[in-house]
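All remarks here apply to the structure that follows.
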Amino acid sequence: MSFPPRVKLVEVGPRDGLQNEKQPVPAAIKIELVHRLQAAGLKEIEVTSFVSPKWVPQMADNAEVMAGIQRLPGVRYSVLTPNLKGFEAALLTRPDEIVVFAAASEAFSQKNINCSIAESIERFAPVVAAARAAGIYVRGAMSCTVGCPYEGEVAPQRVDYLAGLMKSIGVQHVGVADTIGVGTPLKVQRAVEATLKHYDINDVSGHFHDTYGQALANTLMCLQMGVWQFDTSVAGLGGCPYAKGATGNVATEDVVYLLHGMDIDTGIDLSCSVPPTPVPARRCSTSAPVDGRRRVGSMAGRGTAGDAVLA
Ligand code: HMG
Ligand code: MG
């Protein structure tokens, strides 16, 4: 069996990880988190989202966070933009990449971005055109590609449809997301196969939440298919405010451990122990075991719960 020799990880902790936090996290702490992540060797960081502050108050400090980051050469910084208003605000902060985000399920599209799938594509089209004209790379996130919190199981045909729409408006890369972490390897395989009808393997990534502990298995399935790009979140932080029950993303350090154990290069130094990051501990729902031993911000393995507190 062959696997990609190298994997690219996009660290989504500052965005997906923190967007769901009820307690306000100060911009200075978010900036510090980004600094510690890049110090640990992460080269792709999803920093924030330019969404409505009424919908996601935690991301209201998007411009402040982007302005506060001391950028390192070789590190790319991405942001989410749901519409032209968000894109125009994001553009002022010089992102390297923007992310438009749609869903394979109609109900989730309505709950998350207040419009149908078709309407979301109409909204994204001018955003994609403007970004590409400005030389900004465009990634697309496809939510609920295996399951939806409102509609249940999602058929691969829905993913096929969405991936085709994303391609038609010029989205350069798409992420196959298991938003609520209900996927298992064969379901994820079918969602990725549907995506590959429209996108090259080099333009597809995996984005797995870990509600039932399936994210590593799903990652392994993708690796077997030749997928070599994944979104991960430090300490498994994460969750979408509009996807009830969804727990965190797969933990960056767990994926790095898996990959290095398979002799797959990530460019990340797992022995690099960055000081504990003062952000909330890994989120868990009742369906996921509480891992109080994980230390947020450490690439060196799991620490103590006391390290993971809000400053
Ligand atoms: P809407 O209410 O339909 O928007 O929200 P609207 O166009 O009718 O505007 C209403 C008000 O919002 C207006 O202000 C606009 O100016 C303002 P008012 O006149 O009432 O004062 N507004 C904005 N303000 C700031 N930035 C903007 C913006 N747009 C409008 N960009 C909208 C539509 C899409 C804006 C809203 O539904 C929204 O912001 N949704 C975002 C939800 C979200 O962020 N979800 C989490 C990210 S997705 C995710 O986590 C999944 C992912 O991880 C993959 C996976 O796991 O599945 C990526
Ligand atoms: Mg997500």
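Below are the figures for this structure:
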| read-out | value |
| --- | --- |
| Kirkwood hydrodynamic radius over Cα pairs of segment 13-56, then Stokes diffusion coefficient at 20 °C and 1.002 mPa s, in µm²/s | 192 µm²/s |
| Filter on LYS8/LYS85; LYS8/LYS187; LYS167/LYS244; LYS111/LYS187; LYS30/LYS244; LYS54/LYS111 - keep pairs with C-alpha separation over 18 Å | LYS8/LYS85; LYS8/LYS187; LYS167/LYS244; LYS111/LYS187; LYS30/LYS244 |
| Reference-scaled alpha-carbon Rg (2.2 N^0.38 Å with N residues) for the chain | 0.90 |
| DSSP-defined beta bridges in the chain - what % are antiparallel, rounded to 5 | 10 percent |
| Sequence of LYS8, LYS30 once ranked by neighbouring C-beta atoms within 10 Å, starting from the fewest | LYS8, LYS30 |
| Over the chain: helical MRE at 222 nm, DSSP H runs n ≥ 4 each giving -39500 (n - 2.57), nearest 500 | -9500 deg cm²/dmol |
| Pair-distance profile P(r), taking every C-alpha pair of segment 55-176, with 5 angstrom steps and integer % | 2, 11, 21, 22, 19, 14, 8, 3, 1 |
| Sparse-neighbourhood loop sites, trypsin sites (Lys or Arg not before Pro) in segment 138-246 - DSSP loop, at most 14 other Cβ within 10 angstrom | LYS197, LYS244 |
| Relative contact order [Cα under 8 Å, 6+ residues apart], segment 1-131, whole percent | 20 percent |
| Choice from MET262, MET66, MET142 with maximal GNM fluctuation in the chain (Cα, 10 Å cutoff) | MET262 |
| Size of electric dipole in segment 8-309: Cβ of Lys, Arg +1 and of Asp, Glu -1, about Cα centre, debye, nearest 20 | 400 debye |
| LYS54/TYR257 FRET efficiency (R0 45 Å; Cβ-Cβ; nearest 0.05) | 0.70 |
| Radius of gyration, Dmax [segment 117-221; alpha carbons; angstrom] | 13.7, 41 |
| Where N is the number of residues in segment 195-278, Cα Rg divided by 2.2 N^0.38 Å | 1.17 |
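Throughout, read-outs are computed from the coordinates displayed, never taken from laboratory work. Since we're looking at a predicted model, the values are computed, not measured. Cβ atoms come from the backbone with ideal geometry, glycine included; neighbour counts cover every protein chain shown.
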